[in-house]
Every structure is written in C-alpha cells, then in structure tokens.
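Notes to accompany the following structure.
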Amino acid sequence: MRKRISAILTIFMIFGLVLTGCAAGAETDMKNSGTEIVLQIGNPNMTVNGAEKAIDSEGTAPLIVNERTLLPIRAVIEEIGGEVGWNGETSEVTLTYGNDEIKLEIGSTEAYLNGKKADLDTAPAIIGGRTMLPIRFIAESFKFEVKWDGETQKITVSNKVDSADSAIASEDKKEAGGKKSAVIYFSCTNNTKRLAEKIATATDSDIFEIVPKQPYTDEDIDYNSDCRANREQNDDLARPEILTVFDNLAEYDTVYLGYPIWWGTMPKIINTFLETYDLSGKTIMPFCTSGSSGISTSVKAIKAYLPDVKEGMRGTSSTTEEEIKTWIENSK
Ligand SMILES: Cc1cc2nc3c(=O)[nH]c(=O)nc-3n(C[C@H](O)[C@H](O)[C@H](O)COP(=O)(O)O)c2cc1C
C-alpha cells in the first residue's frame, strides 16, 4: 500500500477526463476564485467549498489504475470556473481557465500553454474510455493548489492563489476610488452560472456563487415530480440554508443578482439571501435564465425587500456582451 502511495506521489496525480458532451474549443473568462474541491478514491461524490455533490450523473468516481489516480477532470475544471474542450478529429484536449489555455494531445508529450510549447513527463492517454492528463502541469499552469492525502486517499484541488490575486486587485480598485460590482448567482444546472460569468466579464465584476448548504440533486429539481424544489416553491416559509458566507458585501456598490426561474419566480434560496444580507443602498440588477418565463414576477418579489431594484434581464446561453451592456445602460 505504502509503495503504491509513494508511486502515486512520485508520478504525482493524473486526472482522468470524461469526454462525453465536451464542447470543442470552449473558453471562459471568469474564475470562481476561492473554490476548493475535495475528491476521494472510489467516491462518486465530491465536495465543492464543503457542499457535497455528485461528480457527474454517471456515478464516476476517482480511481487508481496502474498506480495512477484518475479524476474526472471536467467536473473539477468546470466547478473551478474553467472549461474543457475535446476535438475528436485531432484527439486534442483544450482546457481553458481565466485567460490561460492548455492544449494537449493524446499520445504526445508536447503540450501548449497559451501557444507556448512545454514538455510533459507523461503523455495524455485514453485508458478505459478516459483521457488521462498530467495534473502537475495543469495545476502549475493554472496556478491551482493540489494536495494528496495518502491516508484518506483524498485529493484537494483549489484555486486559492487566484483568490488572493483577485482580492489584491479588488483592493486596488477600491483604493483607487473605483466603484466595485459583484455578480452573485445561484445555479443548479449551470445555465445561470454561464450567464453570470458573461456578466462578470462584461462588467469587470467579482463573482460569487450562492452555494446551498444542502446541494440540489437531480431528483431535487425534477419538477415533474413532488421534488424538493417544488415543495420549497410552494412553501411561503421555506428558506433553504446557504453555505457561502458573504462577508465583504460592503465593498460593492452594485450587485448583479442571478438565479433560474422556478415556477415563475426566483428560487426560495434567493429569499434566504435577501433576508440574510443587507443590500440597501446598492444598485441591484437582477438577471435570470428560464425555459421561457420572464423575470418580472421575481423582480416584483425582490422589490418587497429592495424597492429600488432595477429592471431585470432574462438571458440565455447566447446572450451577448452587447445585450448585457444595453441592459445596464437602460437601467441607468
Ligand atoms: C423546479 C423548477 C421549476 C422551474 N420552473 C420554471 C418556470 O416556471 N418557467 C420556466 O421558464 N422555466 C422553469 N424552469 C427551468 C429553469 O428556469 C431553467 O432550466 C434555468 O435555465 C435553470 O437554470 P440553472 O441551470 O442555472 O439552474 C424550472 C426549473 C426547475 C428545476
């Protein structure tokens, strides 16, 4: 066992990539700074900032194959605010995080970080339908922290370095007397998360996720059944607890508040957020994603807490930066 663990440590960890459903050449501009993900060998769940959730719907768990640890990297990279692309024709994997891009090719020890060639000690390979990527290179390139605990067989991946960087940048902006804005969003299936990231980029805002204390499982949001989300929406008193602590909201003049529409209005966790934090005096700009419903009912609900709330925007995955800027201009 010890030999196995030391072999794992020697070669460091290798991430396994589940390629199904990956969009080629995807790019993201925003990082979920301060995200800490803990995974464990054989466990299909991971924790993201302490909240437990399934790694994917297939029940994929990190595993050790040939003394190497395989993790489903897609979930990790996406949770941390990056994206994964796969080009089946060229067998190329593209990882993007913030402004950095890594390109790797199956079977090749040549990798490219922002177009600059680098040599890998281990070539990415497909084993059992998964692409194995050298985590040391990825972690160093994206400045993630990766820790391996041999006793508990836990792997911790975090982007705290970036968090510190962005805190400094944030502080700089404040000292320079600039107005600061934050995008704060809740999202279960990432539609609102993607829109939130676009808004954060378009407005140069810091971005924060409202993470529920009890994560929503697929069953919890299966709205054709008597699911948790439906029960909460039908219960005036439901206030799902929030795991995230927002202790620096005083720094922000403007808050872009995002959520999916659930049964015509905002999810009850947004009520929890509005009742927990005092946002009075700030410019509040609500935005949502939905199947088709508009945002106006939820804006009315926010008005009960914050009478000066601005006009909301319903967005989609194809909402453009120009549309975001027009919404902001029209709200002035
Ligand atoms: C419990 C529940 C209720 C929903 N109710 C509505 C609705 O009333 N109108 C609508 O257009 N979409 C509705 N949707 C669809 C979501 O608003 C839509 O899929 C949204 O983009 C999900 O955002 P997310 O990926 O950020 O979680 C509902 C989804 C769930 C889970």
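Below is a table of values for the structure above.
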{"read-out": "Residue selected from the range 250-275 under the condition out of contact with any strand residue (DSSP E or B) (no Cβ under 7 Å at 6 or more places or on another chain) and farther than 24 Å from Asn190 by Cβ, by the criterion surrounded by the most Cβ atoms within 10 Å (Cβ to Cβ)", "value": "Glu251"}
{"read-out": "Among the candidates Thr189, Thr201, residue that is within 30 Å of Glu323 (Cα to Cα) and within 8 Å of the ligand (Cβ to nearest atom)", "value": "Thr189"}
{"read-out": "Within the range 225-244, considering residues that are closer than 29 Å to Thr35 by Cα and among the acidic types (Asp, Glu), the one farthest from the ligand (Cβ to nearest atom)", "value": "Glu241"}
{"read-out": "Filtered residues of the range 305-330 (kept if assigned to a loop (DSSP other than H, G, I, E, B), surrounded by fewer than 15 Cβ atoms within 10 Å (Cβ to Cβ) and out of contact with any Leu (no Cβ under 9 Å at 6 or more places or on another chain))", "value": "Pro307, Asp308, Glu311, Ser318, Thr320"}
{"read-out": "Matching option when the condition is within 15 Å of Ile302 (Cβ to Cβ), assigned to a loop (DSSP other than H, G, I, E, B) and more than 16 Å from the ligand (Cβ to nearest atom), among Asp247, Asp278", "value": "Asp278"}
{"read-out": "Candidates Thr265, Thr326, Thr297 - the one that is more than 16 Å from the ligand (Cβ to nearest atom) and polar (S, T, N, Q)", "value": "Thr326"}
{"read-out": "Selection count, the range 281-294, where residues are within 16 Å of the ligand (Cβ to nearest atom) and surrounded by 14 or more Cβ atoms within 10 Å (Cβ to Cβ)", "value": "6"}
{"read-out": "Contacts under 8 angstrom Cβ, first residue in the range 179-195 being at positive phi, partner surrounded by fewer than 23 Cβ atoms within 10 Å (Cβ to Cβ), 6 or more apart", "value": "Asn190/Glu78"}
{"read-out": "Condition met for Ser158 (at negative phi, at pLDDT 95 or above and either under 17 Å from the mean Cα position of the chain (by Cα) or within 16 Å of the ligand (Cβ to nearest atom) (or both))", "value": "no"}
{"read-out": "Some residue of the range 301-311 being touching a residue at least 12 places away in the same chain (Cβ under 8 Å), closer than 16 Å to Val183 by Cβ and not aliphatic (A, V, I, L, M)", "value": "yes"}
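One line per residue, one yes/no per condition, for (1) surrounded by fewer than 21 Cβ atoms within 10 Å (Cβ to Cβ); (2) modelled with pLDDT of 50 or more:
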residue: Ala7; (1), (2): yes, no
residue: Gly16; (1), (2): no, no
residue: Ala26; (1), (2): yes, no
residue: Asn32; (1), (2): no, yes
residue: Pro72; (1), (2): no, yes
residue: Gly85; (1), (2): yes, yes
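The values are calculated or read from the model by the stated rules, or taken from the named source; none is laboratory data. Model, not experiment: these values are computed from the prediction. When we count neighbours, we look across all protein chains shown, and the Cβ atoms used for this are built from the backbone with ideal geometry, even at glycine.
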